[in-house]
2 protein chains.
Amino acid sequence: MNLDNALGRVRVVLSRTSHPGNIGAAARAMKTMGLSQLVLVAPQSFPDPVATARAAGADDILANARVVETLAEALEGTVFAAALTARRREMAVPMKWAREAAGELVSLAGHGDVALVFGNETKGLSNEDVALCHMPVKVPVSESYSSLNLGAAVQVLCYELRMAALDPGAAPAVEFEPATHEQIEGFYAHLDRAITASGFFNPENSKRLWPRLRRLFGRIRLEKDEVNILRGMLSAFEKK
Amino acid sequence: MNLDNALGRVRVVLSRTSHPGNIGAAARAMKTMGLSQLVLVAPQSFPDPVATARAAGADDILANARVVETLAEALEGTVFAAALTARRREMAVPMKWAREAAGELVSLAGHGDVALVFGNETKGLSNEDVALCHMPVKVPVSESYSSLNLGAAVQVLCYELRMAALDPGAAPAVEFEPATHEQIEGFYAHLDRAITASGFFNPENSKRLWPRLRRLFGRIRLEKDEVNILRGMLSAFEKK
């Protein structure tokens, strides 16, 4: 399943949200991460201009949001539901950290819609609501200050869902042409001549210099153009 | 180094923030993740009651925030700086994803303060500001809607920093003593003098040279000793 399919199958469910600004922030957070399904359980105020303002261009998420009366309705048709919870609860199901939970949600999205449920800003989720879900999830907040904002929590979880779906593994691709072994050795030979002529390098006294220089330039993974720049610089120093 | 030490050494630098609400959201995001050092470069309005309201109990972070005029001041005394950037920039040092960058920042925090820099809400960071940092960082946002809110971006990065600090095994070990920001800038100034005197660099003709040189040397993460070697080499070339 591709990225859009997986993320498109994740419902973000906000239960009994008090502040419409947080609904807007959640919509924006979702859209930046490629999620689209927002479900609101008995929001205090929705639609609301404050939500629209905070959504900042993610209006389509708000326009398509489904408003329902109960969490049970919100979860209809899902194959799995996770609930963000700040409190440690006496429950049979063990809590998962956000990262691990995101991986499981994305993987289960292969089978159908999955839900990630967020409770009210101050009261969180009721025990009954948590019991409707299959997995309690926790963000590893500081023990001395755990007051994660609702919009920020949605952002962190949507980010983890996207990371799980992308499974990027590697850094963004390199767009430059790396220098060949011969070009790099050519640069080292040139550097050797120039620093010997300048008096900086004396093979008798400074046996440890070359290993250090190779360590330094070896780390760069020089590109073709960069070898030319460095050699141009050396030539200018030599001529002077 | 323990968790609190590593996170306590990360400076969150907000450059030219327009909306005080985002400063408050950043403070709250930091505190939930165990970070404490906030530096504000020329904020439009600070202190501001809107920032305090959004900080929601993270007032101590705001009270201890340092306000400075330039990014260079904000980076004084750091051993490494990363910059969040949304745009793909020509000549930038290769970008890292947030997760990988967080691992490196936490690892480098073993050597001293490190900085993570966030630009203005609409304009981002100037090319000059990005050039002062050693690593551009990107959150893998959706290509069709990349409008990550500033407070949300701080939340995601602080979360990744905390995750990296919780599991330091994941981050690559650093075995050397990195050069400080001042030492690296000192090397650049020396290089500038030397290549100008040699005739290699002519500010009229080669506007693209400096971005390339910063990209090249920025990738190395120079060590203290290496800066000394390079500057010794430059001095020898200058004398010749």
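The values are calculated or read from the model by the stated rules, or taken from the named source; none is laboratory data. Just so it is clear, the model here is predicted, and its values are computed rather than measured. Note: ideal-geometry Cβ built from the backbone for every residue, glycine included; neighbour counts use all protein chains shown.
Key figures for this structure:
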{"quantity": "Subset of region A:211-232 [of a type in the set (Lys, Arg), surrounded by fewer than 15 Cβ atoms within 10 Å (Cβ to Cβ) and modelled with pLDDT of 90 or more]", "calculated": "none"}
{"quantity": "Selected residue (only one of B:153, B:115 is closer than 14 Å to residue B:13 by Cβ and more than 12 Å from the chain's Cα centre (by Cα))", "calculated": "B:153"}
{"quantity": "From the options B:115, B:153, B:194, residue that is small (Gly, Ala, Ser), within 14 Å of chain A (Cβ to nearest Cβ) and under 22 Å from residue B:80 (Cα atoms)", "calculated": "B:153"}
{"quantity": "Meets criteria (surrounded by 18 or more Cβ atoms within 10 Å (Cβ to Cβ) and out of contact with any helix residue (DSSP H, G or I) (no Cβ under 6 Å at 6 or more places or on another chain)) for residue A:208", "calculated": "no"}
{"quantity": "Residues within region B:197-206 that are facing another protein chain (nearest Cβ under 8 Å) and of a type in the set (Ser, Thr, Tyr), tallied", "calculated": "1"}
{"quantity": "Helices (runs of 4 or more DSSP H) wholly inside region A:33-92 containing at least 1 residues that are touching a strand residue (DSSP E or B) at 6+ places or on another chain (Cβ under 6 Å)", "calculated": "A:59-63, A:71-75"}
{"quantity": "Single condition residue A:142 does not satisfy, out of (1) touching a Ser or Thr at 6+ places or on another chain (Cβ under 7 Å); (2) at pLDDT below 90", "calculated": "(2)"}
{"quantity": "Contacts under 9 angstrom Cβ, first residue in region A:207-230 being more than 8 Å from chain B (Cβ to nearest Cβ) and over 18 Å from residue B:218 (Cα atoms), partner part of a loop (DSSP other than H, G, I, E, B) and at pLDDT 85 or above, 6 or more apart", "calculated": "A:210/A:201"}
{"quantity": "Any hit, region B:1-20, residues being more than 20 Å from residue B:132 (Cβ to Cβ), within 10 Å of chain A (Cβ to nearest Cβ) and acidic (Asp, Glu)", "calculated": "yes"}
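Yes/no per residue for (1) away from chain B (no Cβ under 11 Å); (2) surrounded by fewer than 22 Cβ atoms within 10 Å (Cβ to Cβ); (3) in contact (Cβ under 8 Å) with a residue 60 or more places away in the chain:
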position: A:54; (1), (2), (3): no, no, yes
position: A:62; (1), (2), (3): yes, no, no
position: A:68; (1), (2), (3): yes, yes, no
position: A:71; (1), (2), (3): yes, no, yes
position: A:75; (1), (2), (3): yes, no, yes
position: A:97; (1), (2), (3): no, yes, no
position: A:104; (1), (2), (3): yes, yes, no
position: A:110; (1), (2), (3): yes, yes, yes
position: A:144; (1), (2), (3): no, yes, no
